[in-house]
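Only one structure is covered here, and it is reproduced in the block below.
Laboratory data are not the source of any read-out in this text; all were calculated from the coordinates shown. None of the values given here were measured: they were computed from a predicted structure. Cβ placement follows ideal geometry from the backbone for every residue including glycine, while neighbour counts extend to all protein chains displayed.
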Amino acid sequence: MNIHKLKPVVLLTLLLAATTVGNSTARAAKRQSVASKAKISRLIKQSPDLKPTGKILRQNHRTYLKREDMISKNYNLENFADSGVFNHKHQARIYVASPVLKSYVRTAVKRWNTALGRQVFKVTTKRSRGTLRVSLKTSDAQWDGLFDGNRIYVNRADFNTPNTARYLEDSQYQAYIQHMTDLQNEAAKKVQKLAADHAVRHETLEDSRASKNGDEQGAIQAEVDAEMTQYFQSEHQIQDSYRAKLKAYRQSKHTWLVKLKARYQRMYWNSVVEHELGHGLGLDHTPYLADVMFAASNDEGEYKSLNVKYPWVKDIAVATRDKLSARDIDRAKLARKLNYW
């Protein structure tokens, strides 16, 4: 075998191997290169408002580290959780100190875990260092829920005083109110017709009485009095019938209404706990009613969000949303990239 004839093949193999290694190194370097501010700005503009999508969720670790401030401000993100709340597996253990909150916490935890496709939150029966504690708190401040580093508080006064206004926008409740309004309008129309007919008869009798003398006038006056008596009796019958129908309808809907109010109360407190867990993941407020992280303002009295895209203050009723939106979920995924949980 002539060894000299093999040398070019060996050299070519070595050259190809070196080229492959060089390309791999270049690709690795490219993967870890920091995206420019202009590129990140372009990606942010390409995605829906406050909703990270596409490439903004697929940047490398160095880019998230270097462009954290820019990204967090454009998506209303902030590292709210104390160090140690989330362990090396990016999981937080939750201890519920107030038993009445357990069902709400378990529901909120299940929804976040399902949405993120991993066990981010785990409810535990033992409190230890780093555990996220959930409890009721007495406060005169204007908040229903509050995230405070390693604690979640639910306002005791609000929790123990049901807010009956939260179900008012429900379509079934609106139909319930409309039916009662229809009953009232029906009675009002009957009374109006009765009054119009009475006015015509009364005027006819008065004209007839004016043209008569003596005993004839007395007889007609008796008819006028009888007509007036009949009018008031008929009016009372209409009103009594209306009140009886209204009472019967309300009684038939009593159990349904109690359940409706309870359902909306549960929905609301589910949303409060989900909202506060969202803060734990690094999510600040949004101005979108569809989001669990919605807030009518970034100013909640003594607590004010500073690192937000919108310094909004809007007169909007508090939304009852206990289902996470795509924006809530994608922002939480981005917060993970920023190592906020």
Query raised in the report: Given a Förster radius of 45 Å and the C-beta distance between Arg263 and Ser33 as r, what FRET efficiency does 1/(1 + (r/R0)^6) yield to the nearest 0.05?
Result: 0.30
Requested in this report: Beyond 26 Å between alpha-carbons counts as too far, so tell me which of Lys66/Lys333; Lys247/Lys323; Lys193/Lys247; Lys189/Lys247; Lys137/Lys261 fall in that bin.
Outcome: Lys247/Lys323
Query raised in the report: Working out 0.36 nm times the residue gap between Val191 and Leu168, then minus their Cα-Cα distance, what length gain in nm do you get to one decimal?
Result: 5.3 nm
Requested in this report: Grab the Cα-Cα distance for Glu223 and Gln91, subtract it from 0.36 nm times how many residues apart they are, and report the gain in nm with one decimal.
Outcome: 38.7 nm
Query - Values of log10 I(q)/I(0), in the order q = 0.23 Å⁻¹, for the range 168-264 under a Debye, Cα-only, solvent-free model - result: -1.09
Query raised in the report: Over the range 168-264, what relative contact order in percent results from Cα pairs under 8 Å that are six or more residues apart?
Result: 34 percent
Query raised in the report: Given a Förster radius of 22 Å and the C-beta distance between Gln119 and Asp148 as r, what FRET efficiency does 1/(1 + (r/R0)^6) yield to the nearest 0.05?
Result: 0.40
Report summary line: The answer for Leu77, listing residues at least 5 apart or on another chain whose modeled amide H is closer than 5 Å to its amide H, is Asp284
Report summary line: In whole angstrom, the spacing between the Cα centers of the range 191-250 and the range 49-120 equals 73 Å
**Report entry** Calculated from backbone phi, Karplus (6.51, -1.76, 1.60) coupling profile of the range 198-214 in Hz, x at Gly/Pro
**Finding:** 4, 4, 5, 5, 5, 5, 4, 5, 5, 5, 5, 5, 5, 8, 10, 10, x
Query raised in the report: What's the FRET efficiency of Arg201 with Lys247 using the Cβ-Cβ distance as r and R₀ = 41 Å, to the nearest 0.05?
Result: 0.80
Requested in this report: For the range 42-200, divide the Cα radius of gyration by the Kirkwood radius and give the resulting Rg/Rh value with two decimals.
Outcome: 1.24
